[in-house]
Amino acid sequence: MSALFQPLTLRGVTFKNRIAVSPMSQYRADKGCANNWHMVHLGRFAMGGAGLVFAEATAVEEDGRRTYGDLGLWEDGQIAELARIAKFIETEGAVPGIQLGHAGRKASERRPWHGDAPLSDEDIKARDEQPWQTIAPSAMSYAVGWPTPAEMTDADIKRVIASFGLAAKRAHKAGFKVIEVYAAHGFLVHQFLSPIANKRTDRWGGGAEGRMRFAVEVAKAIRQHWPDDFPLLFRLSATDWVDGGLEIDDTIEIARALAAAGVDMIDCSTGGIGGTERPQRMKIEDGFQVPFSVSVKSGAGVPTMAVGFLRDAAMCEQVIASGKADMVALARELLANPNWPLHAAAKLGVDTDHGMWPPEAGWWLEKRAQLMRKLGLK
Ligand SMILES: Cc1cc2nc3c(=O)[nH]c(=O)nc-3n(C[C@H](O)[C@H](O)[C@H](O)COP(=O)(O)O)c2cc1C
């Protein structure tokens, strides 16, 4: 029996398998609103058999967008189109989830294909996209050539925390059943957590407890507006991969504090706190972030999601079967093949007759398979 295809229940929500679609920003929104692009992008993953489909990083404030193309939930007008998408995902048998975030000092950026850089005069000329003033825990830029953010005041901090709560309320209205907070990859919540980006000496910085206060308050604010029977996840960068940054032992402490504030699962990613070069300590290979999931799960006693270069069904099966994670999240492999979960089910012997496919496709594919067997075709 496959472990990858065992259902999992978190609070009152059951996922039919352990495969999550990792959030993938499309930079195709208009004024934060979703459209048909997002419907097709996310809908195909639900049709492809994933258990949990995450909508991309969605800004809780307009200035918290990374680019002009980011999704947002900072106002009620952004709910309706997302609601259509969440409903479709659920109708196709997957659980609709959404990632909420604020880009902090990484806001006011170009779309990746316009060049990984902050907005500048060129973007005003090319697309009338004005840069805006960014905010962060400390007035330190993300990398050389990036603008200096304004250090957040106490009022800024309280407002952004409240915005996470209000966005959660809108996510609930839109029909999502899972929220993940984007506390990784150098975005605002991670900026507060990491000593690389947080040099504050007030209660929002200083030692480890001060640096995690913002994340914990975000979790509490969301929990006030998010039903008790719906799961709340945090995506953390389990290590900054740089000396003086977050290490796995810090992350275990953060995970414990978040769990106490009502967080149900930690999605274990890494990196992204600053600089445009990949840190020397970061060595990428298949499943290279899985060990962080193992450490968080055993160290903090919190369920985990593993992510990053997970491409192979047998490897994902092993990660779940050996208890290294409770779920796996895939991004690029699913872009390449949105039906990856259905093919994985066949490879692992869970689906022997296309019975897990939507019948609109599965009925034909099974007939073709039978014919091919009869004709001796491979
Ligand atoms: C197109 C694209 C957009 C992404 N956008 C987000 C995002 O909005 N939020 C996030 O946490 N990670 C984002 N990521 C990172 C992925 O969720 C994932 O963690 C990463 O790609 C590693 O997994 P993979 O090897 O399966 O692709 C993005 C990745 C891709 C390829």
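The values are calculated or read from the model by the stated rules, or taken from the named source; none is laboratory data. What you see is a predicted model, and the numbers here were worked out from it, not measured in a lab. Don't worry about glycine lacking a Cβ; one is built from the backbone with ideal geometry, like all the others, and counts go over all protein chains shown.
Put simply, of V218, V263, V242 the only residue that is farther than 18 Å from A162 by Cβ and within 16 Å of the ligand (Cβ to nearest atom) is V263. Residues of region 277-334 that are hydroxyl-bearing (S, T, Y), part of a helix (DSSP H, G or I) and under 30 Å from M47 (Cβ atoms): S293 alone. If you go through region 160-206 and keep only what is among the small types (G, A, S), at pLDDT 95 or above and closer than 14 Å to P137 by Cβ, you end up with A183, G186, S194, A197, G205.
Scanning region 36-90 for residues that are among the hydroxyl-bearing types (S, T, Y) and surrounded by fewer than 23 Cβ atoms within 10 Å (Cβ to Cβ) turns up T67, Y68.
Residues checked against (1) surrounded by fewer than 17 Cβ atoms within 10 Å (Cβ to Cβ); (2) more than 16 Å from the ligand (Cβ to nearest atom); (3) over 19 Å from the mean Cα position of the chain (by Cα):
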residue: H185; (1), (2), (3): no, no, no
residue: V189; (1), (2), (3): no, no, no
residue: R200; (1), (2), (3): no, yes, yes
residue: P227; (1), (2), (3): yes, yes, yes
residue: P231; (1), (2), (3): no, yes, no
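Tell me yes or no: at least one residue of region 251-260 is in contact (Cβ under 8 Å) with a residue 60 or more places away in the chain, part of a helix (DSSP H, G or I) and crowded, with 20+ Cβ neighbours inside 10 Å. Looking through region 251-260, at least one residue is in contact (Cβ under 8 Å) with a residue 60 or more places away in the chain, part of a helix (DSSP H, G or I) and crowded, with 20+ Cβ neighbours inside 10 Å. Residues in region 81-104 that are touching a residue at least 60 places away in the same chain (Cβ under 8 Å) and out of contact with any helix residue (DSSP H, G or I) (no Cβ under 6 Å at 6 or more places or on another chain): K87, E90, G93, V95, G97, Q99, G101.
Here K378 meets each of (1) in a loop (DSSP other than H, G, I, E, B); (2) modelled with pLDDT of 95 or more; (3) farther than 14 Å from F5 by Cβ with one exception, condition (2). Among the residues of region 91-107, those identified as over 17 Å from Y182 (Cα atoms) and buried (at least 24 other Cβ atoms within 10 Å of the Cβ) are A94, V95.
Close Cβ contacts (under 6 Å, 6 or more residues apart or on different chains) running from residues in region 116-135 that are modelled with pLDDT of 95 or more to residues that are of a type in the set (S, T, N, Q) comprise P118/S108; L119/S108; I124/Q130; P131/S108; W132/S108; T134/S108. Consider region 267-282 and keep the residues that are within 13 Å of the ligand (Cβ to nearest atom) and of a type outside the set (D, E, K, R). The one that is modelled with the lowest pLDDT is M282.
May I ask you to verify whether S141 is surrounded by 15 or more Cβ atoms within 10 Å (Cβ to Cβ), out of contact with any helix residue (DSSP H, G or I) (no Cβ under 6 Å at 6 or more places or on another chain) and on the phi > 0 side of the Ramachandran plot? No, not satisfied. Tell me, yes or no, whether region 285-305 has at least one residue that is hydroxyl-bearing (S, T, Y), within 16 Å of the ligand (Cβ to nearest atom) and either in contact with a Leu (Cβ under 9 Å, 6 or more places away or on another chain) or at pLDDT below 95 (or both). No, the conditions are met nowhere in region 285-305.
For region 111-129, the tally of residues that are farther than 28 Å from L166 by Cβ and either of a type in the set (F, W, Y) or crowded, with 20+ Cβ neighbours inside 10 Å (or both) stands at 2. Taking the listed residues R111, R159, R170, the one that is in contact with a helix residue (DSSP H, G or I) (Cβ under 9 Å, 6 or more places away or on another chain), of a type outside the set (A, V, I, L, M) and at negative phi is R170, with no other qualifying. Looking at A329, is it near the ligand (Cβ under 10 Å from one of its atoms) and buried (at least 18 other Cβ atoms within 10 Å of the Cβ)? The answer is yes for A329.
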